[in-house]
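A.B. asks: Encoded as structure tokens, here's the structure I'll be asking about.
The values are calculated or read from the model by the stated rules, or taken from the named source; none is laboratory data. Quantities reported herein were computed from a predicted structural model and do not represent experimental measurements. Neighbour counts run over all protein chains shown; Cβ positions are idealised from the backbone, glycine included.
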Amino acid sequence: MSRAAAFIFDMNGTMIDDMEFHNIAWYDILNEELKAGLTRQQVKKEMYGKNAEVLDRIFGKGKFTTAEVDAISMKKEKNYQQAFLPHLKLIDGLDSFLARAEKEHIAMAIGTAAIPFNVDFVLDNLSIRHYFKSIVTADDVLISKPHPETFLKAAAALGVAPSACVVFEDAPKGVEAAYNAGMGCIVLTTMHEKSEFPQLPNILGFCRDYNDPLLEMLFGK
């Protein structure tokens, strides 16, 4: 393929390997406090989109007030951050990958369903905010992935055509969002196996981390 003009990263499970910590935090609050009675696999299946959307899918729309949703969401995120902080680090090879992309003048953005509270937790603790010219969070979109709004807003902020962007994702719904945005996608298999992803033509390849030689093609090598 030709050299990519921009990289757009999902965050959780794509830049940091933290999805199991989110799974645990959701599992605990859903079952211990909200009495949902879900298995860990059922919780994992519902973990995409905004926190309010997760609660709507599990309990039905309107079960909680906006204030209750906000309180549940914040408690879940604080529990996640407290548990994950000792393990917080970039996925192997990503530090060098980001530095190389910056050196080669490839624009970079983040397009995530995470709330700013969690985005700040990652970017500031790892001191990597300077790499990203655009950051699109859950608060910046009306419709979550697999709708393409997140990625299209990130590309527009970078001033790069969608077809010249490559998305990095770890979730099937995220890959679908990239497809809907007209963007190629590299899939990180941190949380889901290759067999769990739809066979979409925008998937450029699968890798476990950023040391994979597959990624050389993104630089036109």
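A.B. asks: Mind listing whichever residues of the range 86-111 are closer than 19 Å to ALA155 by Cα and either within 17 Å of the chain's Cα centre (by Cα) or not assigned by TED's automatic domain parsing to the domain that holds THR150 (or both)?
C.D. replies: LEU98, MET108, ALA109, ILE110, GLY111
A.B. asks: Looking at the range 180-221 only, could you name the residues that are under 16 Å from HIS147 (Cα atoms) and surrounded by 20 or more Cβ atoms within 10 Å (Cβ to Cβ)?
C.D. replies: The answer is ALA181, MET183, GLY184, CYS185.
A.B. asks: Further question on the same structure: Could you list, in sequence order, the residues of the range 165-221 that are of a type in the set (Gly, Ala, Ser) and either over 22 Å from LYS133 (Cα atoms) or not in a helix (DSSP H, G or I) (or both)?
C.D. replies: Once the filter is applied, which keeps residues that are of a type in the set (Gly, Ala, Ser) and either over 22 Å from LYS133 (Cα atoms) or not in a helix (DSSP H, G or I) (or both), the range 165-221 yields ALA171, ALA181, GLY182, GLY184, SER195, GLY205, GLY220.
To keep it simple, each residue is scored yes or no on (1) small (Gly, Ala, Ser); (2) over 24 Å from MET74 (Cβ atoms); (3) outside the structural domain of LYS45 (by TED's automatic domain parsing); (4) within 12 Å of the chain's Cα centre (by Cα).
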{"residue": "ALA113", "(1), (2), (3), (4)": "yes, no, yes, yes"}
{"residue": "LEU142", "(1), (2), (3), (4)": "no, no, yes, no"}
{"residue": "LYS145", "(1), (2), (3), (4)": "no, no, yes, yes"}
{"residue": "ALA156", "(1), (2), (3), (4)": "yes, yes, yes, no"}
{"residue": "ALA171", "(1), (2), (3), (4)": "yes, no, yes, yes"}
{"residue": "GLU176", "(1), (2), (3), (4)": "no, yes, yes, no"}
{"residue": "GLY184", "(1), (2), (3), (4)": "yes, yes, yes, no"}
{"residue": "THR190", "(1), (2), (3), (4)": "no, yes, yes, yes"}
{"residue": "PRO198", "(1), (2), (3), (4)": "no, yes, yes, no"}
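One line per residue, one yes/no per condition, for (1) farther than 21 Å from ILE143 by Cα; (2) under 17 Å from the mean Cα position of the chain (by Cα):
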{"residue": "ARG3", "(1), (2)": "yes, no"}
{"residue": "ASP10", "(1), (2)": "no, yes"}
{"residue": "ILE16", "(1), (2)": "yes, yes"}
{"residue": "MET19", "(1), (2)": "yes, yes"}
{"residue": "ASP28", "(1), (2)": "yes, no"}
{"residue": "THR39", "(1), (2)": "yes, no"}
{"residue": "LYS50", "(1), (2)": "no, yes"}
{"residue": "VAL54", "(1), (2)": "no, yes"}
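A.B. asks: Taking the range 56-114 on its own, how many of its residues are under 30 Å from CYS185 (Cβ atoms), touching a residue at least 40 places away in the same chain (Cβ under 8 Å) and not charged (D, E, K, R)?
C.D. replies: Of the residues in that region, 24 qualify.
A.B. asks: Are any residues in the range 1-45 aromatic (Phe, Trp, Tyr) and assigned to a strand (DSSP E or B), and if so, which ones?
C.D. replies: The answer is PHE7, PHE9.
A.B. asks: Can you tell me how many residues within the range 85-99 are part of a helix (DSSP H, G or I) and of a type in the set (D, E, K, R)?
C.D. replies: Of the residues in that region, 1 qualify.
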